[in-house]
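As structure tokens, the structure follows; a few thoughts come after it.
The values are calculated or read from the model by the stated rules, or taken from the named source; none is laboratory data. What you see is a predicted model; the values in this text were computed from it and never measured. We place every Cβ from the backbone using ideal geometry, glycine too, and count neighbours over all the protein chains shown.
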């Protein structure tokens, strides 16, 4: 795994979402793509983070942003989490952790495998422009909005 750097092309991914569609970065060219990696569906910190992103989603969309969550849980787990929390964005399943590893988010200890809580913003041109390695679930949505505002001049 190479170390990710700002202004490099974002690592490619091709993952199936909770919506049963295949998602790739190319689907989101022209938008600010927010990828948030999180440990586990329906756990306290992950629920807090996802719900804050849900509550801020209209503002993120106004700034031309798209949110995708990624972890190693199954698509059925994601669908349940989305339904329970009424999340307006897809969650992508990375069961083998391949994409999570590319982004430096995979934690593996023997058979235990999950994503660390990290986020990335990919610019409309496909370049990585922001990396969050220290994420506070209750504050993260606001950090993302502030960053997008500085980038879009709004």
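Here's the yes/no breakdown for (1) without any contact (Cβ under 8 Å) to a residue 60 or more places away in the chain; (2) closer than 19 Å to residue 86 by Cα:
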| position | (1), (2) |
| --- | --- |
| 8 | no, no |
| 13 | no, no |
| 19 | no, yes |
| 40 | no, yes |
| 44 | yes, yes |
| 50 | yes, yes |
| 54 | yes, yes |
| 69 | yes, yes |
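What number of residues within segment 135-154 satisfy the criterion of being in contact with a helix residue (DSSP H, G or I) (Cβ under 6 Å, 6 or more places away or on another chain), within 13 Å of residue 61 (Cα to Cα) and surrounded by fewer than 16 Cβ atoms within 10 Å (Cβ to Cβ)?
Residues that pass the stated criteria total 0.
Hey, does segment 76-85 have a residue that's modelled with pLDDT of 95 or more, surrounded by fewer than 20 Cβ atoms within 10 Å (Cβ to Cβ) and touching a helix residue (DSSP H, G or I) at 6+ places or on another chain (Cβ under 9 Å)?
yes
Examine segment 37-54 for a residue that is over 13 Å from the mean Cα position of the chain (by Cα) and under 19 Å from residue 125 (Cβ atoms), and state whether such a residue exists.
No, segment 37-54 contains no residue that is over 13 Å from the mean Cα position of the chain (by Cα) and under 19 Å from residue 125 (Cβ atoms).
Under 9 Å by Cβ, and 6 or more places apart or on different chains, what pairs join a residue from segment 79-91 that is at positive phi with one that is surrounded by fewer than 21 Cβ atoms within 10 Å (Cβ to Cβ) and assigned to a helix (DSSP H, G or I)?
Qualifying pairs under 9 Å: 86/51; 86/54.
In segment 105-134, which residues are buried (at least 18 other Cβ atoms within 10 Å of the Cβ), touching a residue at least 60 places away in the same chain (Cβ under 8 Å) and closer than 16 Å to residue 71 by Cβ?
Within segment 105-134, 105, 114, 115, 117, 118, 119, 120 qualify.
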